[in-house]
Amino acid sequence: MGGERAALYCRVDGGGDPELGLSMQRRRLEELARKRGLKLAGYYEDAGYAGHDLTRPGLKQLLADWSKGKFDIVLVVKRTRLFRGRVWEEPKWPFSILSAAQLDRDPYCERKR
């Protein structure tokens, strides 16, 4: 896994302090990327948007940058940050997604450091 370019995506939908929620997610993902030897290739965020809303500005920019080849994988605290809804309605994302939980427990990730 080391050397791959990772985009970080964070989203909060409402309630609480959006800046606090976003900064906590970002710090967590930056820490995991550093531990795994991933190169940070971009940071994308959306505050105040529901997970089923696929017109979020940060998500749209993430997809545009993916099509330009700016990163290899997307890191999220939870997959629900990218999409929250019925599993059969989730888009077929064109990129690989790794959640914080996967990075914390996956021995494959550890071996590839």
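The values are calculated or read from the model by the stated rules, or taken from the named source; none is laboratory data. From a predicted model like this one, the values you see are computed outputs, not experimental measurements. A quick note on method: Cβ atoms are made from the backbone with ideal geometry, for glycine too, and the neighbour counts reach across all protein chains shown. Quick note on the areas: whole protein, heavy atoms, side chains included, nothing else; ligands and nucleic acids left out. Shrake-Rupley method; radii C 1.70, N 1.55, O 1.52, S 1.80 Å.
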Residue under question is A47, and the condition is that it be at pLDDT 95 or above and open to solvent by less than 50 Å² (accessible area, probe 1.4 Å); does it hold? no
Single residue of the stretch 1-30 satisfying the filter (among the charged types (D, E, K, R) and open to solvent by 60 Å² or more (accessible area, probe 1.4 Å)) that is nearest to L82 (Cα to Cα): D13
Extreme residue, farthest from V12 (Cα to Cα), among residues of the stretch 55-92 that are among the aromatic types (F, W, Y) and touching a helix residue (DSSP H, G or I) at 6+ places or on another chain (Cβ under 9 Å): F71
Taking first residues from the stretch 17-31 that are over 19 Å from L75 (Cβ atoms) and second residues anywhere that are surrounded by 11 or more Cβ atoms within 10 Å (Cβ to Cβ), the pairs with Cβ under 8 Å that are 6 or more apart or on different chains are P18/V12; P18/A47; P18/G48; E19/A47
Got at least one residue in the stretch 84-99 being more than 12 Å from the chain's Cα centre (by Cα), part of a helix (DSSP H, G or I) and surrounded by 15 or more Cβ atoms within 10 Å (Cβ to Cβ)? no
